[in-house]
Amino acid sequence: MPKHYRKSESVKKRARITAVKTLQNQMIKTNLKTVIKKFETAAKNTDTDKTVLEKTYKDAVKKIDQVAAHGIIHKNKAARKKSQFAKKFAAAK
């Protein structure tokens, strides 16, 4: 905590909560990126089984919806990503 902050208990508590929430959001974003990458590699690979492609697509869309619902990414970004994935999924089918 920077030195110029007041030393009140509420300021200290807010700093602790912010640190915890920042870490949680970072973990969620990392997991989202992993799910997105799995779908994109499955969509690029022509040898991918259709059921695997469909499962990764559903997982990616579900994760995007969850993250957007918690406000970690903007709802318009979530809609844009889902639209991009729908196009990739249709092209790979």
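Heavy-atom accessible area with a 1.4 Å probe sorts Ser83, Ser10, largest first, into Ser10, Ser83. In the context of the full protein assembly, Asp49 retains an accessible surface of approximately 90 Å², using a probe radius of 1.4 Å and ignoring ligands and nucleic acids. Taking every alpha-carbon pair within segment 1-62, the share separated by more than 14 Å comes to 67 percent.
Which lysines have a Cα lying under 28 Å from the Cα of Lys81, excluding residues fewer than 8 positions away in the same chain? Those lysines meeting the cut-off are Lys21, Lys29, Lys33, Lys37, Lys38, Lys44, Lys50, Lys55, Lys58, Lys62, Lys63, Lys93.
About its Cα centre, the dipole of segment 1-87 is roughly 640 debye, where the only charges are +1 on Lys and Arg Cβ and -1 on Asp and Glu Cβ. Can you list the trypsin sites (Lys or Arg not before Pro) in segment 6-86 that are in a DSSP coil and have 14 or fewer other beta carbons within 10 angstrom? In loop regions of segment 6-86 (DSSP not H, G, I, E or B), the sparsely surrounded trypsin sites (Lys or Arg not before Pro) are Arg6, Lys7.
For the chain, the carbon plus sulfur part of the accessible surface works out to 55%, probe radius 1.4 Å.
Kirkwood-type hydrodynamic radius, segment 19-93: 12.8 Å, calculated from all non-identical alpha-carbon pairs. Net charge in the neighbourhood of Lys58 (other residues with Cβ under 15 Å of its Cβ; Lys, Arg +1, Asp, Glu -1) is +4. Selection among Ser8, Thr30, Ala91 by position relative to the dipole of the chain gives Ser8 as farthest towards the positive end (Cβ unit charges, Cα centre). For segment 34-41, backbone phi angles converted through the Karplus equation (6.51, -1.76, 1.60; θ = phi - 60°) give residue-by-residue couplings of 5, 5, 5, 5, 4, 5, 5, 5 Hz, Gly and Pro being listed as x. Normalised per residue, the accessible area of the chain is 78 Å², obtained with a 1.4 Å probe and no contribution from ligands, DNA or RNA.
The values are calculated or read from the model by the stated rules, or taken from the named source; none is laboratory data. All of these numbers come straight from a predicted model, not from anything done at the bench. A quick note on method: Cβ atoms are made from the backbone with ideal geometry, for glycine too, and the neighbour counts reach across all protein chains shown. In case anyone asks, the SASA skips ligands and DNA or RNA and just uses the protein heavy atoms, side chains included. Shrake-Rupley method; radii C 1.70, N 1.55, O 1.52, S 1.80 Å.
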